[in-house]
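Only one structure is covered here, and it is reproduced in the block below.
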Amino acid sequence: KAKEDGRNLVQFFAADMQKLALRRMHIEEDLRHALESDPNQLELHYQPQVNHNGEIFGAEALIRWNHPTNGRISPEEFIPVAEVTGLIHPLGKWVLSHGLQQLSVWQSKGLNTQLAINISPNQFLQEGFLETVTEAVKTCGVNAERFELEITESVIMRDIDEVVELMKELKTLGIKFSIDDFGTGYSSLQYLTKLPISKLKIDKSFINDLFTDPNDAAIVNTIIAMTKHLGVAVIAEGVETLEEANFLFENGCDAFQGYYYDRPMPATDMEGRLLQQKAGFTAIEADTGEAA
Ligand code: C2E
Ligand code: MG
Ligand code: MG
Ligand code: MG
């Protein structure tokens with residue numbers, strides 16, 4: 001009986017793996033097609049990032065793929081495929097140029113937001129990445145000071161000297177760096193002190209379990225304390241409730257991102273949020289102006 005179960009299990013896994021392999025193959029094929037012939041399937045959404053006053057100061061660009069027959073496919077699924085097949089390079093370029101174009105539109109409308117873009121390890125370490133970014137910044141005529149690249153700890157671990165060199169060169173353009181999903185990798189404090197980063201993003205898995213796993217509350221507080229020592233900013237991602245926001249706020253977190261504030265949204269909606277906020281500020285300024 002046990003043997004039979006075992007055999008069934010093996011068969012089950014084999015069938016499962018085959019399905020998975022097939023799905024990956026289709027994703028590769030269809031993504032390549034989208035990038036080459038139908039980029040309208042791709043779209044960037046933007047998720048607001050707010051400061052301790054609840055004001056939006058930035059947005060993270062998150063790619064969306066609307067597959068013509070399968071509907072929306074998650075980046076959690078297709079980004080890893082893009083990474084191993086090399087499609088991350090055209091995809092990364094698409095994200096950079098579209099994100100920067102959007103930032104330039106917002107800047108020209110006087111909407112003063114930062115923009116953060118996710119950069120995959122293979123994209124970051126690809127020859128010519130510096131030139132690609134420089135070119136995109138120039139073409140779009142954006143103020144690069146308002147532009148941030150999110151990289152992960154795994155990049156740093158690959159070749160620290162090369163990475164530091166590259167980061168320094170990008171930094172001369174005014175570009176900032178944040179470490180995404182922080183706490184899930186293995187970067188030591190020593191690594192971190194070497195890097196010209198301006199922000200750590202606490203991974204959302206720690207925020208999720210803030211009140212159920214006491215370890216996670218301790219980790220979050222340790223990360224926040226670390227950022228104070230490093231002299232960098234800290235943002236929590238995946239903030240879903242008021243309780244989480246309060247905990248983070250009380251423990252010294254500078255900035256917040258998550259469903260509690262806003263979900264990722266199309267560019268037009270993000271623009272609406274920025275306009276609304278700007279109008280609010282203008283009204284406040286006008287008020288104080290009259291009172292004075
Ligand atoms: P990430 O960069 O860590 O992005 C945060 C993810 O958390 C996003 O998922 C976002 O929609 C989601 N999120 C935001 N707030 C909450 C919340 O309160 N609760 C929960 N449960 N989730 C929240 P998304 O958009 O599915 O992206 C997943 C990952 O795919 C990203 O993780 C990033 O690693 C990658 N990705 C997305 N867009 C791009 C891109 O343009 N380029 C590259 N290279 N990777 C990307
Ligand atoms: Mg990110
Ligand atoms: Mg993250
Ligand atoms: Mg991630």
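The values are calculated or read from the model by the stated rules, or taken from the named source; none is laboratory data. Small disclaimer: the values here were computed from a predicted structure and weren't measured. Note that each Cβ is placed from the backbone with ideal geometry, even for glycine, and that neighbours are counted across all protein chains shown.
Annotation: of all residues in the stretch 172-198 being out of contact with any Leu (no Cβ under 7 Å at 6 or more places or on another chain), away from ligand 4 (no atom under 16 Å from the Cβ) and in a loop (DSSP other than H, G, I, E, B), the one that is modelled with the lowest pLDDT is S188. Just checking, does the stretch 244-264 include any residue being modelled with pLDDT of 95 or more, surrounded by 14 or more Cβ atoms within 10 Å (Cβ to Cβ), more than 22 Å from Q190 (Cα to Cα) and in contact with a Gly (Cβ under 7 Å, 6 or more places away or on another chain)? Within the stretch 244-264, one or more residues are modelled with pLDDT of 95 or more, surrounded by 14 or more Cβ atoms within 10 Å (Cβ to Cβ), more than 22 Å from Q190 (Cα to Cα) and in contact with a Gly (Cβ under 7 Å, 6 or more places away or on another chain). Of the helices (runs of 4 or more DSSP H) lying entirely inside the stretch 31-133, the ones with 1 or more residues being in contact with a helix residue (DSSP H, G or I) (Cβ under 7 Å, 6 or more places away or on another chain) and within 16 Å of ligand 3 (Cβ to nearest atom) are found at 75-85, 121-124.
For T152, indicate whether it is hydroxyl-bearing (S, T, Y) and closer than 23 Å to I79 by Cα.
Yes, satisfied.
Here the condition is being in contact (Cβ under 8 Å) with a residue 60 or more places away in the chain and surrounded by 13 or more Cβ atoms within 10 Å (Cβ to Cβ); of I219, I235, it holds for I235 alone. When restricted to residues that are surrounded by 15 or more Cβ atoms within 10 Å (Cβ to Cβ) and within 16 Å of ligand 2 (Cβ to nearest atom), the stretch 58-74 contains 7.
Scanning the stretch 180-199 for residues that are within 16 Å of ligand 2 (Cβ to nearest atom) and β-branched (V, I, T) yields a count of 2.
Against the criterion of being touching a residue at least 60 places away in the same chain (Cβ under 8 Å), away from ligand 1 (no atom under 12 Å from the Cβ) and within 18 Å of E148 (Cβ to Cβ), E60 does not qualify.
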